[in-house]
Amino acid sequence: MPSISNKGRHMPASPIRKLVPYAEAAKKRGTHVIHLNIGQPDIKTPKVALDAVRNHTIEVLAYSMTEGSEQYREKIAAYYAKKDIYVNAKDIIVTTGGSEALSFAMGTIMDAEDEIIIPEPFYANYNGFATAAGVNVVPIVSSIDTNFALPPISEFEKLITPKTKAILICNPGNPTGYLYSKEEIMQLAEMVKKHNLFLIADEVYREFTYEGRTHYSILQVEGLEEHAIVVDSVSKRYSMCGARIGCLVSKNKEVIQTALKFAQARLSPPTFAQIASEAALETPQEYFDAVIEEYVSRRNILISELQKLEGVKVAVPQGAFYCVVELPVEDADDFAQWLLEHFEVDGNTVMVAPAAGFYATPGLGKNQIRIAYVLEKEQLVKAVQILGKALTKYNAR
């Protein structure tokens, strides 16, 4: 029979979604599955966004501009200005989710076999985007023991080769919840200028920072204009994951002009989703204040409950809504599958994301999981209690 590509063979499965068949089988057996595996917020989408679609009078659902509606891009620029990030509509390409923005970025600045350095653990799909682009991920390890802080710049410089084209960070981080300080961003900025590299920042969780901390964007760094590329999305900010609208932002004109050619190949981003996303920009600050208060409360109770479990280590997130948890098991993949196939408490079990898929270095993260605290506090408490009982039984087998 015809063979598939080597690229296809090496395309990694998502650690977030690969256990879905086991979860579905558990549900068919009548087991209630508490989903801690995926960052799908239960927060309501702003009414203003949904109403914009409900009340629209479009008679022909036409293509939009390849780079996205000019009116929407101007409003995105106005949103950034409120964050002390100064760009204009021409610096922005609207994309089909942040995923497409990252794919465009890699295609724009990298050739096959080029290298991109990424602190690990990192958003698992970075591996997939790199594989699709033929790009080699060069990981640099951050540790749960330091709460996943930025590794020393000297460690980055050891990894830079003639093939290195970019550094990629997620700020705040998925899966770690780590928030890079202004000082850390400035260190990265100096390094990429010194070595003539791009700095890509996935800033989709910008709004979610805790305990008075503030997000500092790479687009705020003076002198970094030709190096900085930001990936953004409405998915988490407005609880609009299904809209699939993001954007690529850079003041580097050649980057934008080149990325636009990739965008032309897919024609345009979806029209109705842009309408909803444009309306979402009118969401009042009170919405975010309430959401952040809720996430802080969820984080605090989750961390408190996890710290009660013997042999469990957890990093305290400073942003986003994820945390990495180290378990007293040898293989978190096996444990996560066993949870869905063989364990329940009063008809309930838990689905987690094994963390090995968030690393590029073989063997790392094998005893870790990622938890998304996007559920109500009562569900989080129940989930951790189930997790504790499961660990006892699993390790006693």
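The values are calculated or read from the model by the stated rules, or taken from the named source; none is laboratory data. Keep in mind that what you see is a predicted model, and the values were worked out from it rather than measured. So basically every Cβ, Gly included, is an ideal-geometry build from the backbone, and we count neighbours across all protein chains shown. The area values use the complete protein model at the heavy-atom level, side chains included, leaving out ligands, DNA and RNA. Shrake-Rupley method; radii C 1.70, N 1.55, O 1.52, S 1.80 Å.
Here are the numbers for this structure:
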| item | result |
| --- | --- |
| Calculated diffusion of the chain, Stokes-Einstein form, Kirkwood radius summed over Cα pairs, 4 °C and 1.567 mPa s, µm²/s | 59 µm²/s |
| Portion, in percent, of the accessible area of the chain that falls on carbon or sulfur, probe 1.4 Å | 51 percent |
| Cα-based radius of gyration of segment 327-397 once divided by 2.2 N^0.38 Å, which approximates compact folds | 1.11 |
| In nm, spacing of pseudo-spin labels at V141 and N6 (7 Å Cα→C-beta vector) | 2.8 nm |
| Ranked by how many other beta carbons lie within 10 Å on average, peptides 328-338, 96-106 from highest | 96-106, 328-338 |
| Surface accessible to a 1.4 Å probe, per residue, for the residues of the chain, Å² | 44 Å² |
| Segment 63-110: C-alpha gyration tensor shape, a/c 1.5 cut-off, then a/b vs b/c | oblate |
| Segment 110-172: trypsin sites (Lys or Arg not before Pro) in DSSP loop, at most 16 other beta carbons within 10 Å | K163 |
| Cα gyration tensor shape for segment 26-139, rounded if a/c is under 1.5, else prolate or oblate | oblate |
| Fraction of beta bridges assigned by DSSP in the chain that are antiparallel (%, nearest 5) | 45 percent |
| Net charge of Cβ neighbours under 11 Å - reference P41; Lys, Arg +1; Asp, Glu -1 | +2 |
| Net +/- balance of residues flanking P317 in space, Cβ distance below 12 Å, scoring K and R +1, D and E -1 | +3 |
| DSSP-defined antiparallel bridges as percent of all bridges, segment 191-300, nearest 5 | 50 percent |
| Extent along principal axes [Cα atoms of segment 167-308; Å; largest to smallest] | 50, 42, 26 |
| Helical contribution to [θ] at 222 nm, DSSP H n ≥ 4, -39,500 (n - 2.57), averaged over the chain, rounded to 500 | -12000 deg cm²/dmol |
